[in-house]
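The values are calculated or read from the model by the stated rules, or taken from the named source; none is laboratory data. The shown structure was predicted, so the numbers you read here are calculated from the model rather than taken from an experiment. Every residue, glycine among them, receives a Cβ derived from its backbone with ideal geometry; neighbour counts consider all protein chains shown. For accessibility, only protein heavy atoms count, side chains too; no ligands or nucleic acids. Shrake-Rupley method; radii C 1.70, N 1.55, O 1.52, S 1.80 Å.
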Amino acid sequence: MKKLFLISGVLLTLISCQNNEDSDSITKFVVLESQNTLNNLTSYIYKAVKKEGNRSSDLRVLAYSQKLESLRDSVVKEHNRESLLAYSDTVSNSYNQIFDEGGQISKQLIRNKQLVLNSSDTLNHLDLFFWTLKAEEAIQTELATKVGSTTDYFMPLWVGKKIELFLNGENFKVGDAVYATFQVSNDKINTLEFNFDSLVVKHTISKERIPRAIIKSGPIFIIRTVPNQLEKFSIEGKIKVVDYSGREWNHYLTETFTVN
């Protein structure tokens, strides 16, 4: 298992219409962004605990957050079945205590653990790691609500500010697949509806729009497009969000890339 975990079989079913190169690129972004999200969450928890003066109740939350972080780091460093199972079992037990057992994540954790126990196929190991990351995201988000102010963590994505995009390169050729990933808040992600009608990819000079596809995995979205001419293109527009109560707001995205 390589540190970047470039392939995850679970995503192949989500993007079966894409070729293998596309699948690898998409998977790389999804898994790395999951790890980035977790790093941000654990960093927020640590800073919030210190800001609040190291209260005993906060320190218990921090200790558990760091325990999960340590187990996750062990998987990356040791890359063996034992470290993966130790990480996954701890996360799975916690997830089932906090959230409803029997949902998609818990089912996938059980299924892929059995596959790992019964096979040495690396693909099964990567699937289990992927779903364990997703479960830990939910747990760490819950822990983040118990220290400091939840608003401190989620506010940057909930006040109409620009969302940062991450491109899979700096310069591209005509016909290359361009991927731009971004993330919205984890807060009640399953109760939100997203409208991408205003989000476009266009040539900055001719203003010609080119097709784009949007792939969703939890709180992570990936914009995929293929430039058809030289010079600069822009990815821009707004994302309309509606929650379960009917409340609406917008997020804004702007990014450019060059085709040589």
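Residue by residue, the range 37-44 carries 3J(HN,Hα) couplings of 4, 5, 4, 5, 5, 5, 5, 4 Hz when phi is fed to the Karplus relation 6.51 cos²θ - 1.76 cosθ + 1.60 (θ = phi - 60°); x denotes Gly or Pro. How big is the accessible area of Asp197 in square angstrom, nearest 10, if you roll a 1.4 angstrom probe over the protein chains? Probe radius 1.4 Å; accessible area of Asp197 about 130 Å².
With a simple spin-label model that places each label point 7 Å from the Cα along the Cα-to-Cβ direction, the separation between Ser57 and Arg81 comes to 4.4 nm. Modelled label positions at Leu117 and Lys67, each set 7 Å beyond Cα in the direction of Cβ, lie 2.2 nm from each other.
If I take R0 = 45 Å and measure r between the Cβ atoms of Asn93 and Glu170 in this structure, what FRET efficiency does the formula 1/(1 + (r/R0)^6) give, to the nearest 0.05? After rounding to 0.05, the efficiency reads 0.60.
3J(HN,Hα) along the range 73-79: 4, 5, 4, 5, 7, 8, 5 Hz, from the Karplus curve 6.51 cos²θ - 1.76 cosθ + 1.60 with θ = phi - 60°, whole Hz, x for Gly and Pro. Applied to the range 85-95, the Karplus parametrisation 6.51 cos²θ - 1.76 cosθ + 1.60 on θ = phi - 60° returns per-residue 3J(HN,Hα) values of 5, 4, 5, 5, 5, 5, 5, 4, 4, 5, 4 Hz, with x for Gly and Pro.
If packing is taken as the average number of other Cβ atoms within 10 Å across a peptide's residues, how do 202-209, 227-234 rank, most packed first?
Answer by packing, highest mean first, reads 227-234, 202-209.
Net charge of the neighbourhood of Asp89, taken over other residues with C-beta under 14 Å away and scored Lys/Arg +1, Asp/Glu -1, is +2.
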